[in-house]
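These notes are about the structure you will find just below.
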Amino acid sequence: MSVVAKVSFTDYRTSIHKSLDLIGAAARLPHSGLIIIKPNLTNADKPPVTTNVKAAEAVCTYCTQHSKAEVAIGEGSGSGRTKDAFDNNGYTDLGAKYGMRLIDFNEEKAVRLHEAKAFHWKQLYLPKIAIDAFIISLPVLKDHSFTSSTIAMKNMFGLAPSRYYSGSWNKSKLHSPSTHESVVDVCLYKKPDLCVVDASVALIGMHLAGSPRILNVILAGFDPVAVDTVGSGLLGHDPNEIEYLRLAHGRIGDMKNIEILEG
């Protein structure tokens, strides 16, 4: 049974901290090493195309209250420079406020990994710094042109260094031959250790230029498949019709046996 917290949104700090308390996150955070908060900063656009910096700050303060591990922000933008996404959305200021490193996965030293069970990417380059880190996927709840929804799992595309996967855009090669299979493959190499989804305002229709819709919800869970299943339902999709979720079920997590803790 996978547990997903579904908390009514009042403000980021209150609702995110409550959602994390509901799933017992404090006890499962590492007490040393590195925690990387991974927002969705696919480009330098403002929320809800990208993750609101106040959501990242709320996750940061929760981590620092309950862990002595280093907390950092990490992203590798899908379009343009990651630095511009950090600068334009307040993450550079957030890093300065809390003394946090801002990690650009597109520029980090990468290592080549191998996974025989992958659908397509039998080898994949990932940033060395991310491999042993505790990754918190912090996406906005959005529709997606290729995968119906983009939530905690597809957010992990940001880890893949652009110098290996760029084409028409920074991560374009990951979208071929099957974006759905690539979502599962990337998570086979490195799935999020914890997921927090900003569904206070979702993006409907398209992940880069959709229509904002107020949902006033925060989701949290340790199982990214369960979190994406619940989030896809909030977007109005039937999770059973989303290929990457069907492919991930039993490999990455569980989309069938989910307990929702409301708050």
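Derivation of every value follows stated rules applied to the coordinates shown; laboratory data play no part. Keep in mind that what you see is a predicted model, and the values were worked out from it rather than measured. For neighbour counting, all protein chains shown are included, and Cβ atoms are generated from backbone atoms with ideal geometry for every residue, glycine included.
Here the relative contact order of the chain, from alpha carbon pairs under 8 Å that lie six or more residues apart, stands at 25 percent. For segment 76-162, relative contact order (Cα pairs under 8 Å, six or more residues apart, normalised by length) works out to 30 percent. The value obtained for segment 41-103, namely the Cα convex hull volume divided by the number of residues, is 70 Å³ per residue. Taking amide hydrogens as placed 1.01 Å from N in the peptide plane, the amide H of Ser145 sits under 5 Å from those of His207, each at least 5 positions away in sequence or on another chain.
One decimal place: the segment Asn240-Arg112 gains 42.8 nm when fully extended, by the rule 0.36 nm per residue minus the C-alpha distance. Sequentially through segment 104-114, phi angles give Karplus couplings (6.51, -1.76, 1.60; θ = phi - 60°) of 9, 4, 5, 10, 5, 4, 10, 10, 8, 10, 10 Hz, Gly and Pro residues having no value and appearing as x.
Here the dipole of the chain is about 500 debye; that uses its Cα centre as origin and unit charges on the Cβ of Lys and Arg (positive) and Asp and Glu (negative). Size descriptors for the chain: radius of gyration and Dmax over Cα atoms are 16.4, 44 Å.
Taken along the Cα-to-beta-carbon direction at a fixed 7 Å, the label points for His120 and Asp87 span 3.3 nm.
Under a straight-distance cross-link criterion of Cα-Cα below 22 Å, which lysines are reachable from Lys122, leaving out those fewer than 8 residues away in the same chain? Here the lysines satisfying the reach criterion relative to Lys122 are Lys109, Lys154, Lys171, Lys173, Lys190, Lys191. A dipole drawn for segment 118-263 from +1 and -1 charges on Cβ atoms has a positive end, and of Ser172, Leu141, Gly233 the residue lying farthest that way is Ser172.
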